[in-house]
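The values are calculated or read from the model by the stated rules, or taken from the named source; none is laboratory data. Keep in mind that what you see is a predicted model, and the values were worked out from it rather than measured. FYI the Cβ positions are ideal-geometry reconstructions off the backbone, even for glycines, and counts take in every protein chain you see.
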Amino acid sequence: MSTYVYGITAASHPTVPEDLTGVGDPALPVRVLTVGELAAIVSDAPEGLRPKRRDLLAHQNVLSEAGADGCILPMRFGSVAPDDDTVTGVLAERSEHYKERLRTLDGKVEYNVKATHDEEAVLHRVMSDNPDVRAMTEANRKAGGGSYEDRLRLGEMVVAAVKAREAEDAGLVQSALEPLADAISVGPESSGWLANVSFLVERDSAASFLEAVDELRKAHPHLDLRVNGPLPPYSFVDPGPAEPAGTTVGIDHAEE
Amino acid sequence: MTVVPAQQGGGGGGSSGLYDVLELVLDRGLVIDAFVRVSLVGIEILKIDVRVVVASVDTYLRFAEACNRLDLESGPNKSPGLPDVVGSITESGARGKSKGALSGAAETISDAFKQAREGDGQSESRPRARKSTASRRKEEQE
């Protein structure tokens with residue numbers, strides 16, 4: 001039976017609740033494999049595991065339970081070892097590395113912030129900032145909507161203005177919240193949001209971080225900010241080579 | 001897509017937040033090369049969002065249309081709204097329904113722009129000021 005791994009934590013860390021269950025249908029019981037000072041939170045791996053909603057939630061749930069009162073290094077979803085011995089072997093082999101990661105991330109949680117524009121509000125903004133767009137909108141309306149080419153030209157202009165605004169606001173979100181975080185990790189760009197940034201925040205200063213988000217909301221009503229957290233430090237477990245220098249302040253030097 | 005009021009979920013575990021943490025659960029977190037990972041074929045679908053701003057003819061037309069509607073519904077000037085359009089049609093009588101309504105709207109728009117310009121950027125984004133405009137205008141006319 002292969003072994004599904006949720007995360008790695010310190011063995012001294014209070015163990016997971018008795019009846020905690022994880023992935024699979026029916027949900028499989030969660031176990032703890034201890035190796036020296038480290039522990040892996042695991043369960044049996046179900047046959048034919050796929051990234052389904054209930055299993056993604058189960059993964060996330062086990063991590064938040066096991067990380068509720070101590071640091072846990074979250075595994076990426078779907079990590080399966082051939083057996084328990086492989087897991088304990090990896091922990092033993094790389095124990096110094098994982099212990100160091102746990103120390104570095106101790107007492108810290110991840111908050112992920114995604115920003116989008118409220119479309120109507122941002123269009124108002126673009127209109128009031130941009131006389132050309134106003135003039136062309138007006139001209140088109142007077143012409144009963146404008147010709148196909150006119151509408152294309154206006155649309156192109158508006159899209160460019162909205163995009164410029166997106167870039168500006170992405171910088172704004174990041175620079176407003178960065179001072180409250182120990183480290184940040186900029187997520188991949190996507191069409192779904194204009195900013196997707198994870199912040200590593202001291203558990204104890206989470207309240208002031210959330211306050212800062214609220215301030216930002218009030219100051220910029222055209223921004224739609226979605227905050228998720230506290231989360232296990234998904235984005236800060238492993239300083240990957242792909243991260244540009246300086247985006248993981250306080251993490252980089254800890255690697256050596 | 002569900003829109004979740006932005007509160008922090010306890011432990012981030014609630015299903016409501018799944019969409020937003022999906023990419024963290026699937027794309028970040030520790031990877032150990034001695035382990036295998038389940039196949040994520042098909043998962044890309046989950047990452048596609050409707051709010052796409054890409055440069056395409058369709059997008060341009062959509063935004064042009066959005067701008068067209070914008071001030072009619074909630075611009076700095078009070079837009080007629082339905083009841084008043086009906087009113088102006090009765091006033092203009094023989095001029096014909098559509099013409100009356102259209103020219104009325106055009107006037108409102110040019111007024112709106114005049115105001116916006118004179119008000120030197122005072123026309124802050126007020127996305128939710130729409131509801132009351134029709135009734136306010138009615139009062140002004142009476």
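Considering A:Glu211, A:Glu166, the condition of being at pLDDT 95 or above and either loosely packed, with under 15 Cβ neighbours inside 10 Å or acidic (Asp, Glu) (or both) is satisfied by A:Glu211 alone.
If we scan region A:74-84, do we find a residue that is of a type in the set (S, T, N, Q), part of a helix (DSSP H, G or I) and on the phi < 0 side of the Ramachandran plot? No, region A:74-84 contains no residue that is of a type in the set (S, T, N, Q), part of a helix (DSSP H, G or I) and on the phi < 0 side of the Ramachandran plot. A single entry from A:Thr104, A:Thr116 fulfils the requirement of being farther than 12 Å from B:Phe63 by Cβ and either outside any strand (DSSP E or B) or of a type in the set (D, E, K, R) (or both): A:Thr104.
Residues are listed down the side, and each one gets a yes or a no for (1) farther than 29 Å from A:Pro188 by Cα; (2) surrounded by fewer than 22 Cβ atoms within 10 Å (Cβ to Cβ); (3) of a type outside the set (Phe, Trp, Tyr):
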{"site": "A:Ala10", "(1), (2), (3)": "yes, yes, yes"}
{"site": "A:Val30", "(1), (2), (3)": "yes, no, yes"}
{"site": "A:Gly48", "(1), (2), (3)": "no, yes, yes"}
{"site": "A:Ser64", "(1), (2), (3)": "no, yes, yes"}
{"site": "A:Gly67", "(1), (2), (3)": "no, no, yes"}
{"site": "A:Ile72", "(1), (2), (3)": "no, no, yes"}
{"site": "A:Asp83", "(1), (2), (3)": "yes, yes, yes"}
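One residue stands out in region A:154-177 among those that are facing another protein chain (nearest Cβ under 8 Å) and of a type outside the set (A, V, I, L, M): the one that is farthest from B:Arg62 (Cα to Cα), namely A:Glu166. Quick check on region A:178-203: of everything there that is away from chain B (no Cβ under 14 Å) and not in a helix (DSSP H, G or I), which residue is surrounded by the most Cβ atoms within 10 Å (Cβ to Cβ)? The selected residue is A:Ala181. The C-beta contact set for region A:161-172 (first residue assigned by TED's automatic domain parsing to the domain that holds A:Val113, second residue part of a helix (DSSP H, G or I), distance under 7 angstrom, 6+ apart or interchain) comprises A:Ala161/A:Val126; A:Ala161/A:Val133; A:Val162/A:Val122; A:Val162/A:Val126; A:Arg165/A:Val122; A:Arg165/A:Arg125; A:Arg165/A:Val126. Just one of (1) in a loop (DSSP other than H, G, I, E, B); (2) more than 9 Å from every other protein chain (Cβ to nearest Cβ); (3) touching a Ser or Thr at 6+ places or on another chain (Cβ under 8 Å) trips up A:Pro26, so point out which. That leaves (3) as the condition not met. With respect to being surrounded by fewer than 21 Cβ atoms within 10 Å (Cβ to Cβ) and either within 16 Å of B:Arg37 (Cα to Cα) or touching a residue at least 12 places away in the same chain (Cβ under 8 Å) (or both), A:Arg54 fits the description. Return yes when A:Lys99 is buried (at least 22 other Cβ atoms within 10 Å of the Cβ), of a type in the set (D, E, K, R) and at pLDDT 90 or above and no when it is not. So A:Lys99 fails the test.
Any residue at all in region A:43-65 that's within 11 Å of another protein chain (Cβ to nearest Cβ), under 21 Å from B:Val31 (Cβ atoms) and assigned to a strand (DSSP E or B)? For region A:43-65, residues within 11 Å of another protein chain (Cβ to nearest Cβ), under 21 Å from B:Val31 (Cβ atoms) and assigned to a strand (DSSP E or B): absent. Which of (1) modelled with pLDDT of 80 or more; (2) more than 14 Å from A:Leu231 (Cα to Cα) does B:Val21 not meet, given it meets every other one? The single condition B:Val21 does not satisfy is (2).
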